[in-house]
Amino acid sequence: MGMIDKLFGLLFGSGRNVVAETAEVFRVNAENEAERGLNLRSAALDQFGQEFRIVQRGWFDRLMDALNRIPRPAMALGTMGMFVAAMVDPVWFAARMAGIALVPEPLWWLLGAIVSFYFGARHQAKGQEFQREVAATIAAVPQVVRAVREVEAMRDISPRGAASPGAPGEDIADNPALADWRAGR
């Protein structure tokens, strides 16, 4: 008994576990790894929470947010308004379009660049969001394939071990209704 106590004392004694410490050299401690992962996710969520927390904003911030929401609806409604104006008063509309024709080309380029950057940034953000959604969908494909295979495998299982009608080993003559049906086809 004394020798076994000494052996266990050597391996597990004095508050240490030599076997576990040696194994951790070759394999990550799953519990510690999970705790590190939890700490990482918690820190990320805290950071996101601080980034998007609701704070009382002043009138200037609210005004700027309101102004940032105006361009897209204004351009869409303005374009539709031009069509309405062209139908209601074609002479008035023609005079305005003649004035627009006098705008110098560099000013058109500048307007195009401003609109492109404004909508381009939004398009890029939406495109990246779309890519993330596609990646998440693709990541789910193996699970869907596995589920489909499991469902397809259920087709081959007959209830209570009975052979399905027309299965190999079943005599059609034993089932008059099936024999009539097959004869009618």
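Kindly list the number of the only condition in (1) free of Cβ contacts under 8 Å to residues at least 40 places away in the same chain; (2) surrounded by 10 or more Cβ atoms within 10 Å (Cβ to Cβ); (3) not basic (Lys, Arg) that fails for PRO71. Among (1) free of Cβ contacts under 8 Å to residues at least 40 places away in the same chain; (2) surrounded by 10 or more Cβ atoms within 10 Å (Cβ to Cβ); (3) not basic (Lys, Arg), PRO71 violates only (1).
Residues to consider are GLU51, GLU105, GLU33; find the one that is surrounded by 10 or more Cβ atoms within 10 Å (Cβ to Cβ) and either in contact with a Cys (Cβ under 7 Å, 6 or more places away or on another chain) or among the charged types (D, E, K, R) (or both).
GLU33
Computed from the coordinates by the stated procedures, all read-outs in this text should not be read as laboratory data. No experiment lies behind these values; they were computed from the predicted model shown. Glycine also receives a Cβ, built like all others from the backbone with ideal geometry; neighbour counts cover every protein chain displayed.
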